[in-house]
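Enquirer: Have a look at this one before I ask anything.
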Amino acid sequence: MRVPFTLLLVLSLATRHSPLVTSLSAQTPAQRDSIEAFRDSLAPISDTVALRALEARYIEIAKQDRNDPMRHLRLGFIAMRLGAAGRKDSYDDAAGEFEWATQVAPKEPYGWYGLGLAENAIGDASFTLVAGIQAMFGKDHLTRAAVNYAKAAEVDPSFVRGLLELGNTALEQRMNIKLDAALLAFRRAAATSGGHNPQVLLVRGRVERLVGDADSALVAFREYTASPGADTALGLLEEARTLFLLGSLDGEHPYYEAAATDDSAAVSGIRRDIVPLVGDTALAGLDSVHGPARAAWLRHFWGERDVADLRSPGERVREHYRRLFYARNHFRLVSTKRRYRIEERYRSYDHDYDDRGLIYIRHGEPTDRASAHAVGLPLNESWRYKRPDGDLVFHFVAREDVQDYRLVGSVFDIMGFDTAMAVANGAVPATQNMSISDMVAGNSINLPGSIRDAVQDLLVTRRDLSPIYGRLLSSNLTSRGLIASEREMGETSIQRGTTSDSYTLQFDGDLPEARWSLIVAGRDSTREMAHLVYAIPGQSLHPIEATQGHVYPVRVRVAVIAPNGSAVARVDSTSLFLSHRLLGDGDWLIGRVAMELPAGRYRYRVALQNGDANGVDTPIDTLGVPGPAHFGLSDIVLGARSAHLYWPDATGDTVFFNPVGSFRPDVPLEVYYQVFGLADGERFRTQFRVLKPGGGSIFRGFFHLFGNGAPVSVGFDGTASGPVVEVHRSIAIDRLTPGTYEFELVVTRGDKTVLRRRAPFRVLPPVQPTRPASP
């Protein structure tokens, strides 16, 4: 057999008289370097025959002095290399040798360090149940390793290798986490040279952050980044993560600075952080860019989420890292070996978080939670997210693994597939005790009493999540329609919840009966205008008392979103309304904010907020902005001079608004709209109609057009003086009876192309004159 040159070198070291064959009772830095040189010399050897020959040689040497710890360390590292080369049983031999070294020299770190490496390599039992029991009682390989690394750091606080392995092992653990031991070791090492080693600072910062001391973590990361030889980009990323966790938007600068590099550790870390939010395939765009383009991609990725949820720039990425930290501490999987049951339709195959964690990372803290605890019920939770476009309701169940909650489509799935099927088939109170399997197989649809009680507990505890659970209780589980609707709600929530993410505004209270509309009409010198007009009833408002009277703060947020997700226009403004009297029933607080928009089709979202607590968030809607290049109509603006809400347009005329939408019959209706895309001098015809919702026109000769002294008419002809025609009209509505109507505008050009717009309004009862009191 040909012996490799490296092995010959190791054998020659074994026969020399050197400090390595003396006691480790007073190791010097040079001796520790020699130990590492010995390990390095073993690294290239993969020939197990050669390694066994070397091992035999050292066994003979060790027999000469069994109390020399260095000989046991050498044997231990040889056995570790044998294990890495494929002889897994050699890890047990290594553990034995390192343990002998700790008994001979308990105050030196290398024996404890080697024992930790061996325990980590030995691993856990291959049988899943036994491995779970090991983890439960702190006998798993990571815990065994961490205990020995902690001992190495205890006997020598400056021992860098022990500190690093201890910290990394604690970060890797999922149960029995040795964070306290690691933190104690790092803080003890701070007064030594080892405590300022760059890699030690990096791991210490991660441990400090995980235990909740983000300020200390930030200090460690900044010292790491400033250290010679440190991975600057990785340090910036860790600093950004920590600043976000502290709630600071200052994390944006180091985050994007790290992203703009092509440092592999920083780039993979950023990517790994985003995968639980959108999945792996959604990051193809990120994978295709480099350097500053990567930072630009991420700015757009987070920026479009800020826009969609009416958040200030930077809020979404900051919230994401808060969620990641929370999910790691509350929803991390202990076992990565997941088996699914038939009712567990959603299968994430994520190795870090259970399904609660994935939903939490995507959507944050739920609005409400519920769980039921009864005989026969597995661990369960249900979450509700209040959403302006429809609530999301999720159901989770943990069966074999109490740390692994799975998504199911219906609250009845918590009881298992058989019970869910029995309920779907119309289960009624049981008259006899039978198994669910028997019940499903036969014609009976009776539920055993104990099972029915558990199902009832599930419904009772979920009543606050959705009205459907109260209705199911009232129906005594006899309504198959309700049962099917409940499942549809759950499965739709899973589909929406696992394919989207959100950071929806949350308010302690609502603004009932608040009204608003986004009206595209009018233009400044260059672009079309959109006006958000709103009205909030006085009884919904909460004032701030001031010496001048009552101050009503109203915050308005609007986002108009392009098809690519970027913001076409954004508004986030707060107005302070002063009233000398307290607003109440019958009073309205009205306002307007304006935006310039280019022609196109967009999505938009609106939120109104009074003070710090009460507000309303709207679902995303769509709007179109016409332009002079195509025949089109603006929205109709219906206003009244008595509303005191107006805007002077580009021509100098006044456009009146009425966001309340209710008009006194004795005050004329002020109408404004625009016609686009007509050639100069082109003729067009306009018709007005008033409709009852669901009915036809109520025009019967009483419809008066004012403003130009014209007689009663329902239509008029016009001539375009340019590509944009602006029309103002005043209309008397004194002959309309009180009620709800729609104002319809119909414009026809010469080629018979017809455009229509409608706007709702309400006519109030006439104000009754006050009769003088009788004498």
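Enquirer: So what are the ³J(HN,Hα) numbers for segment 521-535, from phi and the Karplus equation (6.51, -1.76, 1.60; θ = phi - 60°), rounded to whole Hz, Gly and Pro as x?
Expert: Residue by residue, segment 521-535 yields 6, x, 8, 8, 5, 10, 10, 6, 10, 10, 10, 8, 10, 9, 9 Hz.
Enquirer: Once you wrap a convex hull around the alpha carbon atoms of the chain, what is its projected area averaged over all directions, in nm²? Write down the numbers at each step before the final one.
Expert: Working: hull surface 211.6 nm².
One quarter of the hull surface, i.e. the mean projection, equals 52.9 nm².
Enquirer: In terms of solvent-accessible area of protein heavy atoms at a 1.4 angstrom probe, what is the ranking of 47, 585, highest value first? Don't skip to the end; give the middle numbers.
Expert: On the way: 47 60, 585 130 Å².
Greatest to least solvent exposure: 585, 47.
Enquirer: Then there's this: Can you give the net charge of the other residues whose Cβ lies under 9 Å from the Cβ of residue 523, counting K and R as +1 and D and E as -1? Numbers along the way, then the final one.
Expert: Working: positive: 527; negative: 524, 528, 596, 649, 726.
So the environment of residue 523 carries a net charge of -4.
Enquirer: Within segment 321-352, which chymotrypsin sites (Phe, Trp or Tyr not before Pro) sit in a loop by DSSP and count at most 12 neighbouring Cβ atoms inside 10 Å? Could the numbers behind the result be given before it?
Expert: Values: sites: 321, 325, 326, 331, 340, 346, 349; in loops: 331, 340, 346, 349.
Those that pass, being in a loop and sparsely packed, are 340, 349.
Enquirer: Okay, next question. Could you work out the helix-only [θ] at 222 nm for the chain, with each DSSP H run of four or more residues adding -39,500 (n - 2.57) and the total divided by the number of residues, to the nearest 500 deg cm²/dmol? Please report the intermediate quantities before stating the final value.
Expert: Values: 24 runs with 297 residues, N = 775.
One gets -12000 deg cm²/dmol as the mean residue ellipticity at 222 nm.
Enquirer: Give me a comma-separated list of calculated 3J(HN,Hα) values for segment 753-764, in order, Karplus coefficients 6.51, -1.76, 1.60 applied at θ = phi - 60°, integers in Hz, x for any Gly or Pro.
Expert: 5, 10, 10, 10, 9, 10, 9, x, 7, 10, 9, 7
Enquirer: Please report, as a whole percent, how much of the solvent-accessible surface of segment 566-679 comes from carbon and sulfur atoms (probe radius 1.4 Å).
Expert: Values: 2500 of 4990 Å².
Looking at segment 566-679 in its full context, I get 50 percent from C and S.
Enquirer: Moving on. Could you tally the net charge around residue 726, taking each other residue with its Cβ under 10 Å from the Cβ of residue 726, Lys/Arg +1 and Asp/Glu -1?
Expert: Values: positive: 523; negative: 649, 653.
Summing Lys/Arg as +1 and Asp/Glu as -1 gives -1.
Enquirer: Right, something else. What are the aspartates and glutamates whose alpha-carbon lies under 17 Å from the alpha-carbon of residue 107, with same-chain residues fewer than 8 places away excluded?
Expert: Partners found: 68, 97, 99, 154, 156.
Enquirer: Can I ask one more? Which entries in 63/178; 692/752; 386/692 show an alpha-carbon gap greater than 28 Å?
Expert: Values: 63/178 37 Å; 692/752 26 Å; 386/692 34 Å.
Exceeds cut-off: 63/178; 386/692.
Enquirer: Report the FRET efficiency, 1/(1 + (r/R0)^6), for residue 562 and residue 281, where r is their Cβ-Cβ distance and R0 is 25 Å, rounded to 0.05.
Expert: Values: r = 24 Å, r/R0 = 0.94.
Approximately 0.60, to the nearest 0.05.
Enquirer: Tell me which of 106, 451, 248 sits at the most positive position along the dipole axis of the chain, charges placed on C-beta atoms (Lys, Arg +1; Asp, Glu -1).
Expert: Result: 451, furthest along the dipole toward the positive end.
Enquirer: Which of 340, 281, 236 sits farthest toward the positive end of the charge dipole of segment 230-382, with +1 on the Cβ of Lys and Arg and -1 on the Cβ of Asp and Glu?
Expert: Sorting the options by dipole projection puts first 340.
Enquirer: Putting +1 on Lys and Arg Cβ atoms and -1 on Asp and Glu Cβ atoms, find which of 492, 44, 740 reaches farthest to the positive end of the dipole of the chain.
Expert: Result: 740.
Enquirer: Report, in debye and to the nearest 20, how large the dipole of segment 197-280 comes out about its Cα centre when Lys and Arg carry +1 and Asp and Glu carry -1 on their Cβ. Show your work: numbers first, answer last.
Expert: Details: 7 positive and 14 negative charges, 46 e Å.
Value, rounded to 20: 220 debye.
Enquirer: For the full complex of protein chains and a 1.4 angstrom probe, list 88, 752, 63, 151 by accessible area with the highest value first.
Expert: Details: 88 130, 752 155, 63 110, 151 65 Å².
From most exposed to least exposed: 752, 88, 63, 151.
Enquirer: Would you mind telling me the share, in percent, of accessible area of segment 192-346 contributed by carbon and sulfur at probe 1.4 angstrom? Don't skip to the answer; put the middle values down first.
Expert: Numbers: 3350 of 6350 Å².
The nonpolar share, carbon plus sulfur, comes to 53 percent.
Enquirer: Probe of 1.4 angstrom, ligands and nucleic acids ignored: what's the accessible area per residue over the chain, in square angstrom?
Expert: Values: 35470 Å² over 775 residues.
Averaged over the residues of the chain, the accessible area is 46 Å².
Enquirer: Shifting gears a bit: How large is the charge dipole for the chain, taken about the Cα centre, if only the Cβ atoms of Lys, Arg (+1) and Asp, Glu (-1) carry charge, to the nearest 20 debye? Before the final figure, lay out the partial values.
Expert: On the way: 87 positive and 92 negative charges, 231 e Å.
About 1100 debye.
Enquirer: Among 452, 299, what's the order by accessible area (1.4 angstrom probe), most exposed first?
Expert: Details: 452 30, 299 130 Å².
Sorted by accessible area, descending: 299, 452.
Enquirer: While we're on this one: Using modelled amide H (1.01 Å from N, peptide plane; none on Pro or chain starts), what sits under 5 Å from the amide H of residue 105, excluding residues fewer than 5 places away?
Expert: none
Enquirer: Within the set of other residues whose C-beta is less than 14 Å from the C-beta of residue 748, count the net charge using Lys and Arg as +1 and Asp and Glu as -1.
Expert: Details: positive: 683, 685, 689, 749, 752, 756, 757; negative: 682, 717, 744, 751.
Result for the neighbourhood of residue 748: +3.
Enquirer: Can you list the residues, at least 5 places off or on another chain, whose amide H is less than 5 Å from the amide H of residue 178, using H built in the peptide plane?
Expert: none
Enquirer: Rounded to the nearest 0.05, what FRET efficiency is calculated for residue 513 and residue 737 with R0 set to 25 Å and r the Cβ-Cβ distance? Show your work: numbers first, answer last.
Expert: Numbers: r = 23 Å, r/R0 = 0.94.
The calculated FRET efficiency here is 0.60.
Enquirer: Hey, can you grab everything whose amide H is under 5 Å from the amide H of residue 655? Only 5+ residues off in sequence or another chain; H modelled, so Pro and N-termini drop out.
Expert: Under 5 Å from the amide H of residue 655: 647, 649.
Enquirer: Can you give the longest run of the chain that contains no GluC sites (Glu not before Pro) sitting in a DSSP loop with at most 16 other Cβ atoms inside 10 Å? Don't skip to the end; give the middle numbers.
Expert: Details: sites that count: 400, 513.
The longest such stretch corresponds to 1-399.
Enquirer: Would you kindly state how much longer the chain becomes between residue 191 and residue 482 on full extension, computed as 0.36 nm times their sequence separation minus their alpha carbon distance, in nm to one decimal?
Expert: Working: separation 291, 0.36 × 291 = 104.76 nm, distance 6.69 nm.
Full extension of this stretch gives 98.1 nm more.
Enquirer: Would you mind computing, in nm to one decimal, how far apart the modelled labels at residue 685 and residue 721 are, each placed 7 Å from Cα along Cα→Cβ?
Expert: 2.4
Enquirer: Moving to a separate point now. Treat every Asp and Glu Cβ in segment 338-405 as -1 and every Lys and Arg Cβ as +1, leave all other atoms uncharged, and give the resulting dipole magnitude about the Cα centre to the nearest 20 debye.
Expert: Details: 12 positive and 14 negative charges, 33 e Å.
The dipole of segment 338-405 has a size of about 160 debye.
The values are calculated or read from the model by the stated rules, or taken from the named source; none is laboratory data. Quick caveat: nothing in here was measured; it's all calculated off a predicted structure. Backbone-built Cβ (ideal geometry, glycine too); neighbour counts: all protein chains shown. Surface accessibility is based on the protein's heavy atoms, side chains included, excluding ligands, DNA and RNA. Shrake-Rupley method; radii C 1.70, N 1.55, O 1.52, S 1.80 Å.
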